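**Student:** Dropping the structure in here first, questions after.
The values are calculated or read from the model by the stated rules, or taken from the named source; none is laboratory data. Because the structure is a prediction, the values reported are computed rather than measured. In this analysis, Cβ positions are derived from the backbone assuming ideal geometry, glycine residues included, and neighbour counts consider all displayed protein chains. Heads up: the accessible areas ignore ligands, DNA and RNA and are worked out on the full protein's heavy atoms, side chains in. Shrake-Rupley method; radii C 1.70, N 1.55, O 1.52, S 1.80 Å.
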Amino acid sequence: RRYRIAPAPQDEVVEQEGKKKTEEVKKEDKKTQRQQQMKCLGFPNPAQICYLNSCLQSLLTLEDFVKAIAEQEQVWSLIPEAAIMRTFVDINRSHLSSDERHKIWLLAAFKGAISVWAPEFQDLHQKDAHEFLTAVLEQMRYLGPELQMMAESVGGTYSCPVTEHMVFKMNNTRTCKSCSAESTREEEFTNLSLDLIPGRSTVEDPATKLPDSNEHFSIFIPHFNPSSAASEKELEYTCECGATMSGQRSSFKTLPRVLVLHLKRFRFTPTYQPEKIQDPVVLLRDLTVSSSHGGACYSLVSTISHLGPTTRSGHYICDGVDPDLRPEDLTDRWFTYNDAKVTETSSAFVCDQRERDAYILFYKRHVS
């Protein structure tokens, strides 16, 4: 009979320590590799296109959105009008490239594709990042019906990535101040523009003041609460009863996978001069949003900030979570994309340091 000799306890300890060291070395090697890759993630800025670079970096942070576009290449590659899809995917594939000249060519091609439909982006002047982002999403969405018909003609299917990931519906209810007559209008959006409200509460509790309310602004997300007047605003509207003032409140009917929030940092003075609102805004890393079809939890994954004191000058940058992080990885690793320069940061730092400059926020819905 053969007997198996059990390893000595000290041998097991040595083996476990060896495995632990091997895992630590692998983690360190992966971190070093990611740091080297990070240097190539930026986009050059040859002619005031920081608004374009920042929008692209934020969209590329949305892995599922990018994947939804790339996986349907067999469909959109059939029509030349889908140049925006083609150039977007090419940019994503060259994200880690160190070839600056090639990246400049790709960025110019993407800008050219947008300019065919939105000629205001043809010149080399600085543009508004929110207007550009909206143009990109609406153009991709506009191609949807044609691509669906093209897919059906070859026995396939097509699902618009913008509709699938970012489009949501809102109910806008108008109530007459005199007779209380109500009318509700349903609208679709790809992003939600929010007023900055001094001293307003957080999303979770619209009735509670924020600390230091004289120094901070907050964003108010419309909740589904038909009896609440917390988000109601007055507007001039002539009712059948003859009254001219009504109240309007908005609420979500559906919720998107990616909630894009636009903070209205630019406004006009009484003399119709544009000015920037630089008051600090409380940035929340996590949101809970409700709708008539239920609620959802979101986490901040990217921001676009406008650095500069006025509407006529400034610079756009993007902060975004490292797309390589897995859901189970609790590392708070973000990148700051300042055109070609990319540095490592964290969501805690972003929420603290971008209070005065955050302009567009990207929140990703938790998967239940």
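**Student:** Kindly indicate the residue of the stretch 61-86 that is in contact with a Leu (Cβ under 9 Å, 6 or more places away or on another chain) and without any contact (Cβ under 8 Å) to a residue 60 or more places away in the chain and also most open to solvent (accessible area, probe 1.4 Å) among those meeting that condition.
**Tutor:** Checked the stretch 61-86; the qualifying residue most open to solvent (accessible area, probe 1.4 Å) is Val66.
**Student:** Can you tell me which residues in the stretch 309-342 are within 15 Å of Ser58 (Cα to Cα), of a type in the set (Ser, Thr, Tyr) and out of contact with any helix residue (DSSP H, G or I) (no Cβ under 6 Å at 6 or more places or on another chain)?
**Tutor:** If the condition is that a residue be within 15 Å of Ser58 (Cα to Cα), of a type in the set (Ser, Thr, Tyr) and out of contact with any helix residue (DSSP H, G or I) (no Cβ under 6 Å at 6 or more places or on another chain), then Thr336 is the only one that fits.
**Student:** How many of the residues making up the stretch 91-133 are open to solvent by 80 Å² or more (accessible area, probe 1.4 Å), out of contact with any helix residue (DSSP H, G or I) (no Cβ under 6 Å at 6 or more places or on another chain) and part of a helix (DSSP H, G or I)?
**Tutor:** Pass one, the stretch 91-133, residues open to solvent by 80 Å² or more (accessible area, probe 1.4 Å): 93, 96, 98, 100-101, 105, 116-117, 120, 122, 124-125, 131.
Filter again for out of contact with any helix residue (DSSP H, G or I) (no Cβ under 6 Å at 6 or more places or on another chain), leaving 93, 98, 100-101, 105, 116, 120, 124-125, 131.
Narrowing further to those that are part of a helix (DSSP H, G or I): 93, 100-101, 105, 116, 120, 131.
Here the count works out to 7.
**Student:** Same structure, new question: Kindly indicate the residue of the stretch 268-289 that is in contact (Cβ under 8 Å) with a residue 24 or more places away in the chain and open to solvent by 30 Å² or more (accessible area, probe 1.4 Å) and also farthest from His306 (Cα to Cα) among those meeting that condition. Steps first, please.
**Tutor:** Going through the stretch 268-289, the residues in contact (Cβ under 8 Å) with a residue 24 or more places away in the chain turn out to be 274-285, 287-289.
From what is left, the residues that are open to solvent by 30 Å² or more (accessible area, probe 1.4 Å) are 274-275, 278-279, 282, 284-285, 288.
Numbers: Pro274: 15, Glu275: 13, Gln278: 10, Asp279: 13, Val282: 16, Leu284: 18, Arg285: 19, Thr288: 26 Å.
Per the stated criteria, the residue is Thr288.
**Student:** Moving to a separate point now. State yes or no: is Asp279 acidic (Asp, Glu) and within 25 Å of Val66 (Cα to Cα)?
**Tutor:** Working: acidic (Asp, Glu): yes; within 25 Å of Val66 (Cα to Cα): no.
So Asp279 does not fit the description; no.
**Student:** Still on this structure, please answer the following. Filter the stretch 268-300 down to the residues that are small (Gly, Ala, Ser) and either within 30 Å of Pro323 (Cα to Cα) or under 17 Å from the mean Cα position of the chain (by Cα) (or both), then identify the one that is modelled with the highest pLDDT.
**Tutor:** Once the filter is applied, the top-ranked residue is Ser299.
**Student:** Give me the pairs: first residue in the stretch 251-262 and without any contact (Cβ under 8 Å) to a residue 24 or more places away in the chain, second residue among the acidic types (Asp, Glu) and crowded, with 24+ Cβ neighbours inside 10 Å, beta-carbon distance under 7 Å, and six or more apart or on different chains, which are they?
**Tutor:** Hits for this filter: zero, empty list.
**Student:** Those residues that are in contact with a Pro (Cβ under 7 Å, 6 or more places away or on another chain) and open to solvent by 50 Å² or more (accessible area, probe 1.4 Å), I need them from the stretch 332-356; list them, please. Talk me through it step by step, then tell me what you get.
**Tutor:** We begin by selecting, within the stretch 332-356, every residue in contact with a Pro (Cβ under 7 Å, 6 or more places away or on another chain); these are 339-340, 355-356.
Matches in the stretch 332-356: Ala340, Arg356.
**Student:** Next question, about the same structure. Go through the stretch 158-180 and count every residue that is open to solvent by 50 Å² or more (accessible area, probe 1.4 Å) and at pLDDT below 95.
**Tutor:** Residues flagged as open to solvent by 50 Å² or more (accessible area, probe 1.4 Å) and at pLDDT below 95 within the stretch 158-180 amount to 5.
**Student:** I'd like the full set of residues that are at pLDDT below 55 and either in a strand (DSSP E or B) or open to solvent by less than 40 Å² (accessible area, probe 1.4 Å) (or both), limited to the stretch 223-267.
**Tutor:** To start, the set of residues in the stretch 223-267 that are at pLDDT below 55 comprises 223-230.
Within the stretch 223-267, Ser228, Ala230 qualify.
**Student:** With the checklist (1) on the phi > 0 side of the Ramachandran plot; (2) open to solvent by 40 Å² or more (accessible area, probe 1.4 Å) in hand, flag the one item Gly294 doesn't pass.
**Tutor:** That leaves (2) as the condition not met.
For every residue, the table says whether it meets (1) in contact with a Pro (Cβ under 6 Å, 6 or more places away or on another chain); (2) surrounded by fewer than 16 Cβ atoms within 10 Å (Cβ to Cβ); (3) farther than 30 Å from Ile277 by Cβ; (4) at pLDDT 95 or above.
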{"residue": "Ala135", "(1), (2), (3), (4)": "no, no, no, yes"}
{"residue": "Tyr142", "(1), (2), (3), (4)": "no, yes, yes, yes"}
{"residue": "Glu152", "(1), (2), (3), (4)": "no, yes, yes, no"}
{"residue": "Arg185", "(1), (2), (3), (4)": "no, yes, no, no"}
{"residue": "Ile197", "(1), (2), (3), (4)": "no, yes, no, no"}
